[in-house]
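Enquirer: Just dropping this structure here.
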Amino acid sequence: MNISPTQRVNSTRFSVWQRIAPVITLLLLAPIISEVLSGSTRISTMFVLIPEIGIWGGGALLIRYLARRWQRDWVTIFLLGLVLALAEECLIQQTSLAPLVGVDPAHVYARAWGVNWLYLLWALGYESIWVVVVPIQLTELIFPEQRTEAWIGRRGLIATSIFFVLASFMAWYSWTQIFVPRYYPQGAYQVPVLTFGIALAAMIVLTVIAMLRKPAPQSGQKTTRPAPQPWLVGLVTFVLGLLWFLQILLAYGVIPTLPVPVSIGAGLILAGAAFFLLRTWSSSLDWRDAQRLALVLGILIATWLGGIIILNMNLVLTMSHASLIDSIGQVLFNVITLLLLIPLARRIQRSQA
């Protein structure tokens, strides 16, 4: 499906910088929100931001391009986000398939048939929402007049795809061929071909489902059910986001006596509840930018606190213990991000007054 003539005409209204600005913003926001604000990527390891921009930023940009070309809504973006997460977890860095780095081999939790099931569940949710859905939502809030634009054309699509592939190879090689064998040789792992095939099949199925979904509903097709107030949206998404962060603690065996079906079932229920709420809220005519920004803020604050709990308190990996400069840097990055959102919040408040 091609971009509509209206979109082509509208794209001429913007200068070169105006057309490039949302692209650069999304390329940076995807890894910053998912990696930097959580403390996974720190000042001492900021060099890994380059491949992260290629994989997370490039992946988010490609997903948004497809969603706009197909005229689909956030559910399609979420489904394609799952495809990106499967690519990362099963093909690129293979974190959900190889034995988890830093885990005692004698006390492995929720691993069977060569898959870290609870970690995979957590990663699918995190990498589809934190890497794709939220950064795209925030970028579109920053550039509301270009919300319906594809942002990149054919040349941009080719360049982004090449960047994505090169960054993916860099991440795969540096992690699976250098870092893990050198520092955690017990975690070196060769993924079976059958497992690769199953992951590829799942990615293809999700992509087809995303393609075949109906176009995004128009305003007249939305429900008259009132949307919740922004403060409630922010509070609920904060709680759900923080609970999702806690899933990774279970994946690393913080409560080894907890039955695996219970932990996975709880994660599925949490994911289902979040999806149902967002689907219900966003289908309302009252779902506006104030609610969208509140959703983003709730997720960002949960990301900050979740990162502090998991990383700086050293509850997961010994190697993840942050130095003082890393801890200060994480706080500064989060505070600066929240401060930068104040003008956006004021603009949205004025526009909806």
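Enquirer: Checking Ile77 against (1) touching a Lys or Arg at 6+ places or on another chain (Cβ under 8 Å); (2) touching a residue at least 60 places away in the same chain (Cβ under 8 Å), which test does it fail?
Expert: If we test Ile77 against (1) touching a Lys or Arg at 6+ places or on another chain (Cβ under 8 Å); (2) touching a residue at least 60 places away in the same chain (Cβ under 8 Å), just (2) comes out false.
Enquirer: Can you tell me which residues in region 98-143 are within 30 Å of Arg68 (Cβ to Cβ) and polar (S, T, N, Q)?
Expert: Ser128, Gln137, Thr139
Enquirer: When you go through Ala21, Ala67, Ala110, Ala30 one by one, which is the residue that is buried (at least 20 other Cβ atoms within 10 Å of the Cβ), of a type outside the set (Asp, Glu), within 25 Å of Leu332 (Cα to Cα) and modelled with pLDDT of 85 or more?
Expert: Matching residue, one of Ala21, Ala67, Ala110, Ala30: Ala30.
Enquirer: Follow-up question, since we're still on this one. Does region 121-169 hold any residues that are among the small types (Gly, Ala, Ser) and either under 14 Å from Ala21 (Cβ atoms) or touching a His at 6+ places or on another chain (Cβ under 6 Å) (or both), and which are they?
Expert: Selection gives Gly156 alone.
Enquirer: OK, next. Can you go through Val254, Val236 and tell me which one is assigned to a helix (DSSP H, G or I), surrounded by 11 or more Cβ atoms within 10 Å (Cβ to Cβ) and of a type in the set (A, V, I, L, M, F, W, C)?
Expert: Val236
A quick yes/no check of all residues on (1) among the acidic types (Asp, Glu); (2) under 23 Å from Gln94 (Cβ atoms); (3) touching a helix residue (DSSP H, G or I) at 6+ places or on another chain (Cβ under 8 Å):
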{"residue": "Ala171", "(1), (2), (3)": "no, yes, yes"}
{"residue": "Thr176", "(1), (2), (3)": "no, yes, no"}
{"residue": "Pro181", "(1), (2), (3)": "no, yes, no"}
{"residue": "Ala188", "(1), (2), (3)": "no, yes, yes"}
{"residue": "Leu212", "(1), (2), (3)": "no, no, no"}
{"residue": "Pro228", "(1), (2), (3)": "no, no, yes"}
{"residue": "Leu235", "(1), (2), (3)": "no, no, yes"}
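Enquirer: On to the next question. Would you call Ala353 at pLDDT 90 or above and either surrounded by fewer than 18 Cβ atoms within 10 Å (Cβ to Cβ) or on the phi < 0 side of the Ramachandran plot (or both)?
Expert: The answer is no for Ala353.
Enquirer: On to the next question. Can you tell me how many residues within region 78-110 are assigned to a helix (DSSP H, G or I), farther than 30 Å from Ala210 by Cα and among the hydrophobic types (A, V, I, L, M, F, W, C)?
Expert: Number of matching residues: 1.
Enquirer: Considering only helices (runs of 4 or more DSSP H) fully contained in region 111-220, which possess at least 2 residues that are of a type in the set (Phe, Trp, Tyr)?
Expert: 117-128, 154-172
Enquirer: Restricting the search to region 177-197, which residues are at pLDDT 85 or above and surrounded by 15 or more Cβ atoms within 10 Å (Cβ to Cβ)?
Expert: Val191, Thr195
Enquirer: Hey, another quick one. Any idea which residue in region 37-89 is nearest to the chain's Cα centre (by Cα), counting only those that are within 27 Å of Arg19 (Cα to Cα) and among the acidic types (Asp, Glu)?
Expert: Glu52
Enquirer: What's the total number of residues in region 33-47 that are part of a helix (DSSP H, G or I) and crowded, with 18+ Cβ neighbours inside 10 Å?
Expert: Result for region 33-47: 4.
Enquirer: Can you tell me how many residues in region 146-176 are under 21 Å from the mean Cα position of the chain (by Cα), more than 27 Å from Gln71 (Cβ to Cβ) and surrounded by fewer than 18 Cβ atoms within 10 Å (Cβ to Cβ)?
Expert: So the count comes out to 4.
The values are calculated or read from the model by the stated rules, or taken from the named source; none is laboratory data. Here the structure is a predicted model, which is why all the values come from computation and not from measurement. Here the Cβ is made from the backbone with ideal geometry for all residues, glycine too, and neighbour counts use every protein chain on show.
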